[in-house]
Amino acid sequence: MKFSYEDLISGDSIPVEGVGHIRSPLLHELKPTRGIGMWTYNLYLNILSWGKEDLIKFMKMSTGKRLKALDNEDKLSAFDVVTLLEPTRQLLQEAMAFFIDEELEWNKTKRCFIAKTKDNHNEIGCINRDNFDDVRDMMLQVNYINLERSAKPTKFSSKKAQSLWEQAQKHLKQEATKSTPDKRMQLSNIISKLSCVSVGYTLLNIYDLTVFQLYDQFFQYGYLRAMDLSEMAYSNHGGKNFDLQAWLKPITNLEKEQK
């Protein structure tokens with residue numbers, strides 16, 4: 001499920017039937033003393049975005065043990081892997097709970113996280129192996145992130161389908177290695193830069209934005225700044241095919257997925 005831009009920019013929690021209300025955290029929730037801190041926030045994003053292979057490596061590294069249950073890893077989903085052991089299951093629970101309004105409770109019998117309202121503890125949804133990939137994708141969307149690779153299906157309809165999936169994943173993996181993390185896009189740098197320009201945000205009020213709103217405003221400002229420079233060049237030197245309405249063009253990293 002892809003959220004609409006209108007829902008994402010609103011800052012409100014977004015209701016998802018059978019799951020709960022997905023939310024983008026406010027920036028002040030990421031502060032080191034009164035919030036969870038950036039290290040924990042990034043850890044939450046990592047465990048939500050990692051594929052099955054990365055999760056297996058993380059579990060082996062964190063436990064230092066050979067996990068017998070992983071001998072049949074081809075039959076396991078990412079959800080199965082990360083919920084095998086209590087420590088990683090608890091970490092996943094904490095991560096998802098940070099991006100959802102409801103409280104999550106692990107049900108060992110059903111092997112799922114039950115979502116309950118915090119006031120009267122009514123059960124309104126669950127997160128299990130069937131909807132986990134969709135849920136984590138939605139949680140990444142509200143953080144201005146989309147999954148780079150799709151989770152491997154537990155079954156393929158044919159050998160051709162499997163071959164096409166493997167070729168696609170190989171291509172995505174190669175593309176992902178071409179670039180390194182851009183320090184210019186770190187939250188701290190974006191907060192600092194956006195607070196220094198005259199667009200109404202300062203270090204006193206910018207922390208009231210959600211993570212999605214911050215990235216959106218940052219990219220919108222960059223686009224409008226480029227448009228201002230383009231208009232200045234046109235007014236001084238003229239030119240053809242200049243679109244006075246170009247500044248209204250929607251810009252979002254989610255545009256491709258929402259078409």
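The values are calculated or read from the model by the stated rules, or taken from the named source; none is laboratory data. Please read all numbers here as calculations on a predicted model, not as lab measurements. Every residue, glycine as well, gets a Cβ built from its backbone with ideal geometry; the counts of neighbours run over all protein chains shown. These accessible areas exclude ligands, DNA and RNA; they are computed on the full protein's heavy atoms, side chains included. Shrake-Rupley method; radii C 1.70, N 1.55, O 1.52, S 1.80 Å.
Quick notes on this one:
Residue-by-condition table, conditions (1) at pLDDT 65 or above; (2) farther than 20 Å from residue 7 by Cα; (3) touching a Pro at 6+ places or on another chain (Cβ under 7 Å); (4) part of a helix (DSSP H, G or I):
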| residue | (1), (2), (3), (4) |
| --- | --- |
| 193 | yes, yes, no, yes |
| 199 | yes, yes, no, no |
| 213 | yes, no, no, yes |
| 219 | yes, no, no, yes |
| 247 | no, yes, no, yes |
| 252 | no, no, no, no |
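- Check on residue 47, open to solvent by 30 Å² or more (accessible area, probe 1.4 Å) and either within 22 Å of residue 187 (Cα to Cα) or polar (S, T, N, Q) (or both): no
- Within the range 97-139, considering residues that are in contact (Cβ under 8 Å) with a residue 60 or more places away in the chain and small (Gly, Ala, Ser), the one surrounded by the fewest Cβ atoms within 10 Å (Cβ to Cβ): 125
- Selection count where residues are touching a Phe, Trp or Tyr at 6+ places or on another chain (Cβ under 7 Å) and of a type in the set (D, E, K, R), scope the range 106-140: 1
- The set of residues from the range 8-26 being hydrophobic (A, V, I, L, M, F, W, C), crowded, with 18+ Cβ neighbours inside 10 Å, under 15 Å from the mean Cα position of the chain (by Cα) and at pLDDT 95 or above comprises 14, 22.
- Once the range 1-12 is narrowed to residues that are in a helix (DSSP H, G or I) and touching a residue at least 60 places away in the same chain (Cβ under 8 Å), the residue that is farthest from residue 133 (Cα to Cα) is 9.
- Here residue 15 fits the description: in a strand (DSSP E or B) and without any contact (Cβ under 8 Å) to a residue 60 or more places away in the chain.
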